[in-house]
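Derivation of every value follows stated rules applied to the coordinates shown; laboratory data play no part. Predicted, not measured: the structure shown is a model, and the values here were computed from it. When we count neighbours, we look across all protein chains shown, and the Cβ atoms used for this are built from the backbone with ideal geometry, even at glycine.
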Amino acid sequence: MAIRQMRYSGDPILRKKCKYVDDVNDKIRRILDDMMDTLHETENGAAMAANQVGILKRLVVIDYLDNYLKLVNPEIIEQTGEQSCIEGCLSFPGRYVRTIRPQSVTVRALDENGSEIIVTGEGDMAKCFCHELEHLDGIVFLDNAVEEIEISADDE
Ligand SMILES: [Zn+2]
């Protein structure tokens, strides 16, 4: 188990495009495990993209609702509908914005063994997929904000 250093607002790596993974090997599996460990160290963390811990590879881990996923080279292959969301991000503590996201999103990725998987998420899970996959292209949730939301510490 290894906890990686989280990267926060203002760190240029959050604006970088992550690179495709050619080979899902032990090194990649170790990074995914570390990302999951780091996610579990956070308070209420649902998911994390690799550049949030300083690694420019297209990797995402999710432990949210009924989904426990380690995704390599994930991409959205289908999206339908629309929903209004409230979004936050581990790299931007205390900031919340309203966004408009698809209601349903289908993602294709490789799992930690290099096998192709296809997962569909609805509602909050669809929001989560969109948020994390955008990180891999250097896009953060604030870029999609339609308004800033004030949430007092009591509501969190
Ligand atoms: Zn985020």
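Miscellaneous remarks
- Scanning region 121-156 for residues that are without any contact (Cβ under 8 Å) to a residue 24 or more places away in the chain and in a strand (DSSP E or B) yields one hit, Glu122.
- Checked against (1) within 16 Å of the ligand (Cβ to nearest atom); (2) surrounded by fewer than 20 Cβ atoms within 10 Å (Cβ to Cβ), Gly114 passes all but condition (1).
- Matching entry among Val21, Val53 (being in contact with a helix residue (DSSP H, G or I) (Cβ under 9 Å, 6 or more places away or on another chain) and within 16 Å of the ligand (Cβ to nearest atom)): Val53
- Residues of region 56-76 classified as hydroxyl-bearing (Ser, Thr, Tyr) and away from the ligand (no atom under 14 Å from the Cβ), total: 1
- Some residue of region 124-143 being within 13 Å of the ligand (Cβ to nearest atom) and in contact with a Ser or Thr (Cβ under 7 Å, 6 or more places away or on another chain): yes
- Filtered residues of region 77-106 (kept if surrounded by 14 or more Cβ atoms within 10 Å (Cβ to Cβ), part of a strand (DSSP E or B) and away from the ligand (no atom under 16 Å from the Cβ)): Gln79, Gln83, Ser104, Thr106
- Given (1) within 15 Å of the chain's Cα centre (by Cα); (2) hydroxyl-bearing (Ser, Thr, Tyr); (3) more than 20 Å from Gly94 (Cα to Cα), index of the condition Thr38 fails: (3)
- Qualifying residue in region 105-115 (condition: out of contact with any Pro (no Cβ under 9 Å at 6 or more places or on another chain) and closer than 22 Å to Tyr8 by Cβ): no
Each row is one residue, and each column tells you yes or no for (1) among the basic types (Lys, Arg); (2) farther than 16 Å from Phe141 by Cβ; (3) surrounded by 14 or more Cβ atoms within 10 Å (Cβ to Cβ).
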{"position": "Met1", "(1), (2), (3)": "no, yes, no"}
{"position": "Gly10", "(1), (2), (3)": "no, no, no"}
{"position": "Leu32", "(1), (2), (3)": "no, yes, yes"}
{"position": "Glu41", "(1), (2), (3)": "no, yes, no"}
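- Residue tally, condition assigned to a strand (DSSP E or B), of a type outside the set (Ser, Thr, Tyr) and surrounded by fewer than 19 Cβ atoms within 10 Å (Cβ to Cβ), over region 58-76: 4
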